[in-house]
Amino acid sequence: MSDERRGYVYGLTAYAIWGFFPIYFKLLRPSPALEILSHRIIWSVLFVAIVLAALRNWRFLGRILRTPRLLGGIVLVAVLIGINWGTYIYGVNSSRVVETALGYFITPLVVVLLGVFVQRERLRAWQWAAVGVGALAVAVLAIDYGRLPYIALTLAASFGCYGLIKKRMSLPPAEGLFVESAVLAVPALGYLTWLNVSGGAEFGHVSATHTALMIISGIATAGPLMLFAAAANRVPLVGLGIMQYVAPIIQLACGVLLFHEPMPAARLAGFGLVWVALIIFTVDGLRSGRATARERAAADATAATAAGSAAAALPSR
């Protein structure tokens with residue numbers, strides 16, 4: 001198997017695991033969302049710490065502690081990913097899996113808007129068209145729900161901002177996850193301590209299976225991220241972009257087929273508009289990528305020709 005194909009296997013595995021997360025988090029009931037989130041954070045820290053200890057890779061901590069701006073960025077992304085995780089768990093366990101899937105469908109469009117307003121990037125005409133169709137989809141879904149789909153919008157905005165800031169910091173995935181989780185571990189540990197003292201904790205009081213699943217949430221969090229990192233090093237950006245739709249498609253199927261969440265005609269129309277926007281966005285990205293590759297190849301060929309002509313013009317010795 002080639003390195004690129006292995007990358008696709010890693011990437012599809014990661015997205016498939018994320019896609020089936022609704023089933024996993026449903027199994028963690030009757031624990032409330034905040035208790036599940038706190039345990040997810042604590043066990044993630046412990047699992048990634050074991051991995052880093054095995055690799056003997058702790059030098060990155062010194063660089064972070066010596067760079068206040070980097071440390072501030074990590075605190076910010078920790079808050080964003082905490083909001084994302086907590087909102088997702090709440091959405092799943094309040095029977096809104098379909099809305100959580102919508103959040104990850106519209107995330108690419110939110111990322112595009114962040115590029116415009118934060119990075120000052122210019123959009124192509126078809127990208128503006130995709131954003132417009134996506135906005136129309138949100139309006140249709142808001143009418144159907146009778147409110148803004150706030151869970152979907154919170155998921156998309158928090159994950160989009162998280163990705164933007166993470167890209168600027170350029171931290172490796174395992175190290176980044178460890179520091180982010182460690183920042184969140186302090187309030188998480190405080191909350192769990194209070195929950196146990198007040199007698200409201202479900203962890204350890206439901207069943208052995210429930211307890212084991214809560215502990216495994218650390219591996220369930222870190223494992224797919226490491227698989228994704230391995231895929232990102234092997235798969236072209238276009239391939240990663242297309243694979244990102246695997247997770248919300250599976251989540252949507254779980255919500256409708258397994259948990260029998262309603263999908264009335266208006267909601268189906270709203271999702272249809274989202275898919276149209278994503279098709280426009282993806283096709284435009286593929287066309288742009290091919291055009292850029294052709295321009296780069298032409299520039300390389302011109303440079304090679306010029307270098308050959310210059311070499312031929314040199315006097316022989």
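The values are calculated or read from the model by the stated rules, or taken from the named source; none is laboratory data. Remember, predicted model here, so these are calculated numbers, not experimental data. Every residue, glycine among them, receives a Cβ derived from its backbone with ideal geometry; neighbour counts consider all protein chains shown.
Brief remarks follow.
- Selection status of Gly132, out of contact with any Cys (no Cβ under 7 Å at 6 or more places or on another chain) and either modelled with pLDDT under 90 or acidic (Asp, Glu) (or both): yes
- Top-ranked residue of the stretch 133-164 - restricted to ones that are without any contact (Cβ under 8 Å) to a residue 60 or more places away in the chain and within 13 Å of the chain's Cα centre (by Cα), ranked as nearest to Glu99 (Cα to Cα): Ala156
- Residues (over 15 Å from Ala185 (Cβ atoms) and either in contact with a strand residue (DSSP E or B) (Cβ under 7 Å, 6 or more places away or on another chain) or of a type in the set (Ser, Thr, Tyr) (or both)) located in the stretch 10-64: Tyr10, Thr13, Tyr15, Tyr24, Ser31
- Pairs where the first residue, in the stretch 13-33, is over 19 Å from Val256 (Cβ atoms) and the second is aromatic (Phe, Trp, Tyr) and in a helix (DSSP H, G or I), C-beta under 8 Å, 6+ apart: Ala14/Phe228; Ala33/Tyr90
- The single residue among Ser94, Ser44 that is closer than 19 Å to Ala220 by Cβ and either under 18 Å from the mean Cα position of the chain (by Cα) or of a type in the set (Gly, Ala, Ser) (or both) turns out to be Ser44.
- Of the residues screened, Ala156 is one that is surrounded by 21 or more Cβ atoms within 10 Å (Cβ to Cβ) and in contact with a Gly (Cβ under 9 Å, 6 or more places away or on another chain).
- Out of Pro248, Pro264, sole residue that is of a type outside the set (Gly, Ala, Ser), at pLDDT 85 or above, out of contact with any Lys or Arg (no Cβ under 8 Å at 6 or more places or on another chain) and surrounded by fewer than 10 Cβ atoms within 10 Å (Cβ to Cβ): Pro264
- Annotation note: of Leu257, Leu278, the sole residue that is of a type in the set (A, V, I, L, M, F, W, C), loosely packed, with under 14 Cβ neighbours inside 10 Å and either in a helix (DSSP H, G or I) or modelled with pLDDT of 75 or more (or both) is Leu257.
- Subset of the stretch 197-245 [within 13 Å of the chain's Cα centre (by Cα) and in a helix (DSSP H, G or I)]: Thr221, Ala222, Pro224, Leu225, Met226, Leu227, Phe228, Ala229, Ala232, Leu240, Gly241, Met243
- Residue ID - surrounded by the fewest Cβ atoms within 10 Å (Cβ to Cβ), chosen from residues in the stretch 120-131 that are of a type in the set (Gly, Ala, Ser) and touching a residue at least 60 places away in the same chain (Cβ under 8 Å): Ala129
- Residue count for the stretch 136-153 satisfying the condition of being within 18 Å of Val276 (Cβ to Cβ) and loosely packed, with under 15 Cβ neighbours inside 10 Å: 2.
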